[in-house]
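Down below is the structure, laid out as structure tokens.
The values are calculated or read from the model by the stated rules, or taken from the named source; none is laboratory data. As the structure is a computational prediction, the values presented were derived from the model and not from experiment. Every residue, glycine as well, gets a Cβ built from its backbone with ideal geometry; the counts of neighbours run over all protein chains shown. The accessibility values were calculated without ligands, DNA or RNA, using every heavy atom of the protein model including side chains. Shrake-Rupley method; radii C 1.70, N 1.55, O 1.52, S 1.80 Å.
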Amino acid sequence: MTAIDISNVTKRYGDELALEGLDLTVREGEVYGFLGPNGAGKSTTINLVLDFIRPTAGEVSVLERDAQEGSLEIRERTGILPEGIELYDRLTGRQHVEFAIESKAADDDADELLERVGIADAADKKAGGYSKGMAQRLTLATALVGEPDLLILDEPSTGLDPNGAREMREIIREENRRGATVFFSSHVLGQVEAICDRVGILRDGELIAEDSIAGLEDAVPNRTRLRIRLDRIPEDSAAALSAVESIDGVSEVEAEGTTLVVSVADEAKTTVLRTIEDHGVTVEDFETDESSLEDLFVAYTAEEREVAP
Amino acid sequence: MSAIAVAKKDFRDAVRSRTLLVLTALFALFTVGGAYLASWAAEVFEGGAETTLDLIIALQTPAGYLVPIIALVVSYAAIAGERESGSLKFLLGLPHTRRDVVIGKILGRTGVVGVSIVVGFAFGLIGLFAFVGSVSLVDYLGFTLVTLLFGLVYVCIGVGLSSMTRSTTKAAIGAFGLIVFFWFAWSILVQLLLYAVEGQFFVEEFPDWYVTLLSLSPDAAYGSALGAVLGESGLTMSGMYGGDELPLAAGPWFGFVVLGVWALVPLAIGILRFDSIDL
């Protein structure tokens, strides 16, 4: 069973191509992380799933229904946290949740939901006075109404402090355990790494990778970040830098004073160190860290690199 | 019924607007002022405390001008504003069809305009009792109901406009352009047409098409409908243009038909348009 099935979808705004031939499948019961830099087309995709916008070409189906024809039924079974939340300034938090309960013909208790997202004390305050984080929590509360089968969260940690982001993740886990499929977008990798079963990476309107986190890590050649401390800056530092950059297997070089940070394939590490010493400086110390999702993300989304699938 | 849920929420939200409070106060001021003028008129016409005439002076003039303004101010941003701010995604993230949203908005905002009309007319009623002394409550009720319908028509026009654009500025320009059009441009254009056809502005008997065209604006239709309900011909085109045989459109009861068309056409265009757009 698939919760979301996007097949060969293109979305054009005038001359601007927002999505091109996108294929994406979210399986029932999984937590799917949708990663990509801002402007990659994540929100466009979510808007298509919710029938806020219509595709120029291609098919979108959600919970086995056509996203356009079956939009009402889809939204009856879906909880949504859209990007850049705007609420009704003149209505209180509780009124928002009550409206969602009435709209979904659910029998939830508004106060219980507000308690769950941690804003029970602001229930009677007008949403116009809410901070960004509170608005985000309130919208999450409305998304949880009626125990939805599918939760769609667009950048859910926006406006939340680390503690709030952790609580958000905890709620996502609880909902998933209850049986809900979760589809959420983020440009914050830690969010995704911590709770996702699978991840899709979007770049310039195209899905460039879709896999489990472990699978994605395997897909990228083992990369190490090498931090090298030198005794001094080489006399011809530009030449030294370009020499390092031109080594086969080096993808990125950054100089911070006498420290050099090099992203490099494992097998090229010693070549890097030797090349540096060739430029008349001594390597005082160096350390490596394992490739994190961050590097993986850079590897997949940076324009100039091609990574074998 | 999903539209009702939207309407209730929308009413709660919009009725708390400060602009509405100011406009309602202004409206109340005008109806009380109108009641005062009505008492003055009653003296002039000596014992001619003709109840319907009092009502017309006290209520029709302020309502004819202020109800369209209040209704458009209350409704022009109903959908465009939510699209602009993004709260429409909250609303449509919940299981409401876009048609439910348009209809809910119209019901909710008509409720808001209704509160304003009822408050304004309540003050007018108090004014009439104070200055004139007697009022026909049946006529008064009829007057209020027709005015509520008039408010609904302008809310439909406002929400219809609002559903066609993402920009509240454009919606506002559209709404007030429309007021100017109905109040001034409509009759001027019809006059010009008369000149073009007849070669002069003053004719002995106005042609049927001229009276028909003048009867088709929502404001003229409000007058006709009031005349029909109050059994008073002075308000209607037939009263103004005398003739024995009037074109169908100028007949008092036809005012309701015209009002209905002015409500349904913008509503239909709004729903169709809003259904097909990207938010």
Rounded to the nearest 10 Å², the accessible area of A:F52 at probe 1.4 Å = 0
Mind checking which lysines have their C-alpha under 21 Å from B:K89, skipping anything on the same chain fewer than 8 residues away?
-> A:K11, A:K42, A:K104, A:K126, A:K132, B:K8, B:K9, B:K105, B:K170
Anisotropy class of the range B:175-226 from Cα gyration tensor, a/c 1.5 cut = oblate
Other residues with Cβ under 13 Å from the Cβ of A:Q68 give, with Lys and Arg +1 and Asp and Glu -1, a net charge of -3
Per-pair calculated FRET efficiency, R0 = 60 Å: B:A25 and A:D248 via Cβ, rounded to 0.05 = 0.15
proj_area_mean for the range A:152-244 (convex hull on C-alpha atoms), units nm², value 9.8
Calculate what fraction, in whole %, of the accessible area of chain B sits on carbon and sulfur atoms when a 1.4 Å probe is rolled over the protein chains.
-> 69
With a sphere of radius 11 Å drawn around the Cβ of A:G280, what net charge do the other residues whose Cβ falls strictly inside it have (Lys, Arg +1; Asp, Glu -1)?
-> -4
Compare B:V132, B:V118, B:V190 in a GNM of chain B, Cα atoms joined below 10 Å, and give the one with the largest fluctuation.
-> B:V190
Accessible-area loss of at least 50 Å² in the complex relative to the chain alone (1.4 Å probe) applies, within the range B:92-136, to B:G93, B:L94, B:P95
Carbon plus sulfur fraction of accessible area for the range A:221-290, probe 1.4 Å, in percent | 42
Helix B:98-131 vs. chain B, principal-axis angle (Cα, 0 to 90°, nearest 10) | 40
Which residues qualify? For A:A209, with a placed amide H closer than 5 Å and at least 5 residues away or on another chain, they are A:I201
Run the numbers on chain A and let me know its relative contact order in percent, using alpha-carbon pairs under 8 Å that are six or more apart.
-> 19
Per-residue HN-Hα couplings for the range A:63-76 [Karplus 6.51, -1.76, 1.60; θ = phi - 60°; Hz; x = Gly/Pro] = 6, 6, 10, 5, 4, 8, 4, x, 4, 5, 4, 4, 6, 5
Under the Karplus relation 6.51 cos²θ - 1.76 cosθ + 1.60, θ = phi - 60°, what is the ordered set of whole-Hz ³J(HN,Hα) values for the range B:60-74, x standing for Gly and Pro?
-> 5, 5, x, 5, x, 8, 7, 4, x, 5, 4, 4, 6, 4, 6
So what is the calculated 222 nm ellipticity per residue for chain B, using -39500 (n - 2.57) for each DSSP H run with n of 4 or more, over all residues, to the nearest 500 deg cm²/dmol?
-> -24500 deg cm²/dmol
Return the average number of partner chain Cβ atoms within 10 angstrom of each residue Cβ along peptide A:94-107.
-> 3
If you line up the Cα atoms of the range A:2-217 on their principal axes, what length do they span on each, largest first, in Å?
-> 46, 37, 33
Helix B:218-230: inclination vs chain B longest Cα principal axis, degrees, rounded to 10, gives 60
How would B:Y222, B:Y76 line up by accessible area, probe 1.4 Å, largest first?
-> B:Y76, B:Y222
Kindly report the accessible area of the protein assembly as shown per residue (heavy atoms of protein chains, probe 1.4 Å, no ligands, DNA or RNA), in Å².
-> 44
To the nearest 100 Å², how much accessible surface do chains A and B cover up together, summed over both, with a 1.4 Å probe?
-> 2600
Tell me, what is the percent relative contact order of chain B, built from C-alpha pairs under 8 Å that lie six or more residues apart?
-> 23
Per DSSP H run of n ≥ 4, the term is -39500 (n - 2.57); total these for chain A, divide by its residue number, and report the mean residue ellipticity at 222 nm rounded to 500 deg cm²/dmol.
-> -9500 deg cm²/dmol
Karplus couplings for the range A:250-261 from phi (6.51 cos²θ - 1.76 cosθ + 1.60, θ = phi - 60°), rounded to Hz, Gly and Pro as x?
-> 8, 10, 7, 10, 10, 10, 10, x, 8, 9, 10, 10
At 4 °C and 1.567 mPa s, grab the translational diffusion coefficient of the range B:2-276 from Stokes-Einstein with a Kirkwood Rh over Cα pairs, rounded to a whole number in µm² per second.
-> 66
Cut-off under 5 Å, modelled amide H: who pairs with A:V145 long-range | none
Kindly sort B:T24, A:T271, B:T61 by accessible area of their heavy atoms, largest first, with the probe set to 1.4 Å.
-> B:T61, A:T271, B:T24
Built amide H within the under 5 Å cut-off of A:K126, gap 5+ = none
Rounded to the nearest 20 Debye, what is the dipole magnitude of chain B about its Cα centre when Lys and Arg each give +1 and Asp and Glu each give -1 at the C-beta?
-> 1860
Rounded to the nearest 10 Å², the 1.4 Å probe accessible area of A:D109 is 80
With DNA, RNA and ligands ignored, accessible area of B:V180 (1.4 Å probe; Å², nearest 10) | 80
Cα-based Rg/(2.2 N^0.38 Å) for the protein assembly as shown, rounded to two decimals, is 1.34
Give the angle, between 0 and 90 degrees and rounded to the nearest 10, that separates the Cα long axis of helix B:254-276 from the longest principal axis of the Cα atoms of chain B.
-> 20
